[in-house]
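Step one of this worksheet: look at the structure below.
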Amino acid sequence: MPKIIVEVMPKADLLDPAGKAVNNALHRNGHSEITNVRIGKRIELHFDRAVTDDDIAAATKIGEDFLSNAVIEDVVSVTVEN
Amino acid sequence: MALFKKGSAAPSNVDTTANAAATPEKHQPWKELGLKEDEYARIREILGRRPTSAELAMYSVMWSEHCSYKSSKIYLRQFGEKVTDAMREHLMVGMGENAGVVDIGEGWAVTFKVESHNHPSYIEPFQGAATGVGGIVRDILTMGARPIAVMDQLRFGDVSHPDTARVVHGVVSGISFYGNCLGLPNIGGETVFDKVYQGNPLVNALSVGALRHEDLKLAKASNPGDQVILFGARTGADGIGGVSVLASETFDADGPSRRPAVQVGDPFAEKVLIECCLELYAAGVVAGIQDLGGAGLSCATSELASNGQAGMRVQLRNVLLRDESLTPEEILMSESQERMMAIVPKRDVAAFTAIVDKWEVEHSVLGEVIREPRLYINWGDEEIVNVPPRTVAHDGPVYERPVAYPAWIDALNADSSARLPRAVDAAALAEQIVEVVSSPNQASKNWITNQYDHYVGGNTALAMPDDGGMVRVSEETGLGISIATDANGRYGQLDPYAGAQLALAEAYRNVAVTGATPMAVTNCLNFGSPENPEVMWQFKQATAGLADGCLALGIPVTGGNVSFYNQTGDVAIHPTPVVGVLGVIDDVARRIPSGWQDEGHNIYLLGTTRDELDGSVWAGVIHDHLGGKPPVVDLAFELSLASALNAASEQGLIASAHDLSEGGLAQALVESVLRFGVGARVWLDEIKQVGGIDDTAALFSESTGRVLVSVGREDDVKFVGLCEARGIPVLRIGVTDGRAVLGGSAGSPSGGTASGDGTDARLEIQGVASWSLTELAGVHGGTLAELFG
């Protein structure tokens, strides 16, 4: 099934409490080689036909306006999987 | 995809004090940082050279309206001047500290304060509101107290505007997220919708904490040699959007990216910080403490030093960073949340470290307190700040801004509600009652308050929808406190002096009806731009009204907050002075409920009902009208009313008490029947006769100094005697009758979901209308869920 994948991350400069908590938990479990964890989200938009360039443009806009909060998050990638 | 550069190399072109002295002509972005030309000139005069960019950053943020109170200072002074010795008697810490502290007896003290987080909550409602809660809780913690409850005073735009839901959802979930995660009960507050708040919602947060007298902590660094320790969360680039102009001045285009203006809160980190601080206090290893809020390290270092009449030497390289690319200026300005600064005597540093390590709270020693009243901040070997801390923290500019009597106010005051048509028959009156109690501002706020935890901690005695929130402080004796907050922007617009006193009188009465004795006041003064002389006039009037009112009631203002520049476009919000009153009750078991619980009790109306409908909910909801003069305030009467309620409560004479305010008697009756699902039969004849008023005024007038009380038959004679002896007008206006089975748990009739209602409890207003409680619960309870659910 063709799909567009939108990935959203908390802005690099902002605190990411979930990432921080996981990072601390990893350190407690001995993974000191991991220096930082940041947690974002992956959103799949499914289609029952081939994805067009217009779809990608629309998905990018949806990602920026609707799926993410531009004040604290960034859309870091919009990719297509067929 | 690299959206943000992660510059790791230390900035090499740091603006040092030596550099500043050598390059006096260098252009600096003082204007972009919000400084006025004369303010910049004064900084140069204080330092005898141009400020370094770090110093400029510090001065600009500390001399901002938000931190320096430069426009409001001359008016706030009267809160400290219009006081008597009797008012100071229980005051352990007054204005000027992080929060006021009041002695409540038995060795206990409480500290409380309300603060605004209006502008961040419009940009990013969820995090703005959440960090508002976090900030005020840290203020309380800083005084040495354990935070025990929070409350929020919210003002949103028109319910029908498409943007309102975004702000409402964000703010409400932000508050519930942060408060619920912290495990603090949210025991009350206000929610008002009005188009004047459309582009500028008000999000005020109140917190209260309890401490033993000996645990009181102050934010000062006075002993040379004491260590300056920053602990809690790491410092990142939160909330420093404003200073990015400095970075762009100092660095080339490939310098740091534009920094975000918002902060992200982490309530679990704050919870750990609270427990960690309380253990530090108990161990006696902290000589002074300050939270980091607005203006971050700039504020904490300069205030601690200035308060202690000492100085400080700080190594900024020692600050633990979340983002290594931060410049020294940005580190000084960062508003990263969940951080504290402690002043720790050298001998106690090891004990301090052991405790923070136990809580897994990171810390670093930044420097030490010095005798010389000077703040030195180094970036490695380079000195970037060398200033007298007092000039940064306390001797900022003070403005006597122009004040002008508003050109429009006479016309507004002349446009009385007397010209508005009134209902001509019972059916029309009944319709208006339903319209009023189901309007967004008068409808049940359960949809919002049900998202908050009211009872966590197990000490909550009263919470929404009661008039005031009440929590137990001592689990041994039942000693507790009650808090209520109020503000009516519509009254404030008609007459800011009276508006502030009306807010005070209502909060005072709300505390009194819980059975507590009012003791102290806090405030959060939300106004438009101080550069508008008409707004400044409103501010002058409101502060005078509040200070005079507190003097008349004999309760001191212990602290507060001013929020200016609240406007939608060019239009200022209504003056919204949120007033919080704190009361003390010797045993929370004696509290007075706000709703009727038993059948066959007599219902009394205390106070006098006049034809006062200007600025009322009736005028607003039914006629979309705002004009005339607000109701008359009689503070001497409020005093005797409160003392009568207290005496009646101590003698166990009253079964319930509910204050009359917005929406008048009609609103109070509906709330009282729905609180516990007990119906009533009520008549208006005597009210109309005694006041010489009609049905509309009897039902909707917002005359002050009125309380609805229910009394068991056996206490009738004693109760009426007690009121008469104190000169409190008392009218028997009905009896409680019938019990409904409303949906939801007892005490929180949720909107319209009456179930198993085999009974026929009703609210009957004789000669007007009669409703089943199920019907009323539907109209009163359903509104907000329909709009936002």
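The values are calculated or read from the model by the stated rules, or taken from the named source; none is laboratory data. These numbers were taken from a predicted model, which means no experiment stands behind them. When we count neighbours, we look across all protein chains shown, and the Cβ atoms used for this are built from the backbone with ideal geometry, even at glycine. Please note that ligands, DNA and RNA were not included when accessible areas were found on the heavy atoms of the full protein model with its side chains. Shrake-Rupley method; radii C 1.70, N 1.55, O 1.52, S 1.80 Å.
Take the protein assembly as shown with all the other protein chains still there, run a 1.4 Å probe, and you get 36 Å² of accessible area per residue. Averaging Cα coordinates gives a centre for segment B:309-351 and one for segment B:636-711; these two points are 54 Å apart. Checking the cross-link pairs B:Lys113/B:Lys629; A:Lys3/A:Lys41; B:Lys73/B:Lys540 against a 19 Å limit on the alpha carbon distance flags B:Lys113/B:Lys629 as lying beyond it.
Basic side chains Lys and Arg get +1 at the Cβ, acidic Asp and Glu get -1 at the Cβ, and with that the dipole of chain A about its Cα centre reaches some 440 debye.
Taking 20 Å as the straight-line reach from the Cα of B:Lys31, the lysines in range (excluding those fewer than 8 positions away in the same chain) are B:Lys70. Once the Cα-Cα distance is subtracted from the 0.36 nm per residue extended length, the B:Asp694 to B:Glu106 segment shows a gain of 206.7 nm. By the rule of a C-alpha distance below 19 Å, with chain neighbours fewer than 8 residues away ignored, the aspartates and glutamates paired with B:Lys36 are B:Glu25, B:Glu45, B:Glu55, B:Glu65, B:Glu249, B:Asp395, B:Glu400, B:Glu531. Measuring r between the beta carbons of B:Ser640 and B:Lys718 and using R0 = 22 Å, the FRET efficiency lands at 0.80. The calculated 222 nm mean residue ellipticity attributable to helices in chain B amounts to -10500 deg cm²/dmol, summing -39500 (n - 2.57) over DSSP H runs of n ≥ 4 and dividing by all residues. Surface composition of chain B: carbon and sulfur make up 50 percent of the accessible area, probe 1.4 Å. Which whole number in µm²/s is D for segment B:593-789 by Stokes-Einstein, with the Kirkwood Rh taken over Cα pairs at 37 °C and 0.692 mPa s? Translational D for this selection: 190 µm²/s.
Debye-formula intensities of segment B:61-106, expressed as log10 I(q)/I(0) at q = 0.21, 0.24, 0.27, 0.31 Å⁻¹, are -0.81, -0.93, -1.04, -1.15 (one equal scatterer per alpha-carbon, no solvent). Counting every pair of alpha carbons in segment B:307-356, the share spaced more than 15 Å apart comes to 61 percent. Farthest towards the positive end of the charge dipole of segment B:593-789, among the residues B:Gly721, B:Ser710, B:Trp618, is the Cα of B:Gly721, using unit charges on the Cβ of Lys, Arg, Asp and Glu.
Derived from the Cα gyration tensor, the three semi-axes of the equivalent ellipsoid of segment B:72-193 are 31, 18, 12 Å, largest first.
At R0 = 30 Å, how high is the FRET efficiency between B:His169 and A:Ile34 if r is their beta carbon distance? Nearest 0.05 is fine.
For R0 = 30 Å, the calculated efficiency reads 0.30.
Between B:Lys26 and B:Glu324, the modelled label-to-label distance comes to 2.5 nm, taking each label 7 Å out from Cα in the direction of the beta carbon. Roughly what angle does helix B:164-182 make with the longest principal axis of chain B, taking Cα atoms, 0 to 90 degrees, to the nearest 10? For B:164-182 against chain B, the angle is about 70 degrees.
P(r) tail for segment A:3-81, what percent of Cα pairs lie past 18 Å? The proportion of pairs with Cα distances above 18 Å equals 50 percent. Across chain B, counting alpha-carbon atoms alone, Rg and Dmax equal 27.2, 88 Å. Between A and B, buried accessible area from a 1.4 angstrom probe totals roughly 1400 Å², ignoring ligands, DNA and RNA.
In this simple spin-label model, placing a label point 7 Å from the Cα along the Cα-to-Cβ direction at both B:Glu531 and B:Ala350 gives a separation of 5.7 nm. Helix A:17-28 axis versus longest C-alpha principal axis of chain A: approximately 50°, rounded to the nearest ten. In this Cβ point-charge picture (+1 for Lys and Arg, -1 for Asp and Glu), the protein assembly as shown has a dipole of about 1420 debye about its Cα centre.
Inter-chain neighbour count for A:6-14: the average number of beta-carbon atoms from partner chains within 10 Å of each residue's beta-carbon is 6. Extending 7 Å from Cα along the Cβ direction at B:Ser364 and again at B:Ala427 yields two label points whose distance is 7.6 nm.
Set against the 2.2 N^0.38 Å expectation for a compact globular protein, the protein assembly as shown has a Cα radius of gyration ratio of 0.98.
In chain B, taking the dipole from charged Cβ atoms about the Cα centre, the farthest positive-side position among B:Gly734, B:Gly560, B:His454 is held by B:Gly560. For chain B, the longest principal axis of the Cα atoms and the long axis of helix B:426-437 meet at an angle of about 20 degrees. Inter-part distance, segment B:148-227 to segment B:563-601, computed on C-alpha centroids, equals 14 Å. Given chain B, what percent of its DSSP beta bridges are antiparallel, to the nearest 5? Antiparallel: roughly 80 percent of the beta bridges in chain B.
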